[in-house]
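Okay, structure first, notes after.
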Amino acid sequence: MRGLLPKGELWLAYIYVPLRDKEGNITHVLSVFEDITEQKRREEENRQQEIVINRQAEMLFELSTPLLTISDDTVVMPLIGSIDSRRAQQIMENLLTGITEHGASQVILDITGISVMDTNVAAMLIRLAQAVRLLGAQIILTGIRAEIAQTLVSLDIDFNEIITRSTLRDGIAYALAASN
């Protein structure tokens, strides 16, 4: 039951228990009420905080894999920070969706901002390149540092279908020249 008071809302939890005489007739009703207004207020505050936290997490998640259009047929995804399996899946989804939506035929994947790359992340990049090719686009991998090159080479993967350029600037120049 909810009741309104001049100062705001009051939440009550209640129990009604019939009291009977010897013949079984209800003679009285015992009512027990508990004010749960503060509990309800805390629940609402927690729900609102959870909504805000979820929105912020979604925004951070989207910002962690931006897809930038640099020409009619070329998109760039700069990667920064660490990549776990959840983020790797998001990268794959955002990039493939972006290729389809933009009709991109070239994708520059810039890994300059990735500080550490283990074999799982390297394998994810290879799967990503394969998926990009299946959509009919070409992948250009930029920003490969020496330690990351060692990790990629250790996987013994054929890089013939992946174009590499040392910097994002070189990758953009290559993509724009290939578009013309």
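Read the figures in this text as sums done on the coordinates, not as results from a lab. In this text the structure is predicted, and so the values were computed from the model without any measurement. Reconstructed Cβ throughout: ideal geometry from the backbone, glycine too, with neighbour counts over all protein chains shown.
Hey, what number do you get for the chain at 222 nm if only DSSP H runs of n ≥ 4 count, each worth -39500 (n - 2.57), divided across all residues, to the nearest 500?
Computed mean residue ellipticity for the chain: -15000 deg cm²/dmol.
Would you please give the residues with an amide H less than 5 Å from that of Thr142, counting only those at least 5 places away or on a separate chain, with H modeled from the backbone geometry?
Leu109, Asp110, Ile111, Arg165
Which residue, Leu155, Leu12, Leu168, tops the fluctuation ranking in a GNM of the chain built on C-alpha contacts under 10 Å?
Leu12
What is the distance, in nm, between label points placed 7 Å from the Cα along the Cα-to-Cβ direction at Glu34 and at Thr97?
4.4
Can you find, among Tyr174, Asn25, Asn120, the residue farthest towards the positive end of the dipole of the chain? Put +1 on the C-beta of Lys and Arg, -1 on that of Asp and Glu.
Value computed over the given set: Asn25.
What is the calculated FRET efficiency for Gln89 to Ala146, with r their C-beta to C-beta distance and R₀ = 25 Å, to the nearest 0.05?
0.35
Assign unit charges at the C-beta atoms only (+1 for Lys and Arg, -1 for Asp and Glu), then state the dipole size of the chain relative to its Cα centre in Debye, rounded to the nearest 20.
In debye, rounded to 20, the chain gives about 260.
Could you let me know the centre-to-centre spacing of segment 103-133 and segment 25-60, using Cα atoms, in angstrom?
46
Within the chain, which is the longest segment that contains none of the trypsin sites (Lys or Arg not before Pro) sitting in a DSSP loop with at most 11 other Cβ atoms within 10 Å?
In the chain, the maximal stretch lacking such sites is 23-180.
Can you pull the one-decimal nm distance between simple spin-label points at Ser166 and Glu44, each 7 Å off the Cα toward Cβ?
6.2
Of all DSSP beta bridges in segment 70-180, what percent run antiparallel (nearest 5)?
Rounded to the nearest five, the antiparallel share is 5 percent.
Restricting attention to segment 14-46, which GluC sites (Glu not before Pro) occupy a DSSP loop and are surrounded by at most 16 other Cβ atoms within 10 Å?
Filter output for segment 14-46: Glu23.
How high is the relative contact order of segment 68-179? Use alpha-carbon pairs under 8 Å, at least six apart in sequence, and give a whole percent.
Reported as a whole number, the value is 28 percent.
At 0.36 nm per residue, minus the direct Cα-Cα distance, what do Asn180 and Ala131 gain on full extension? Give it in nm, one decimal, please.
15.2 nm
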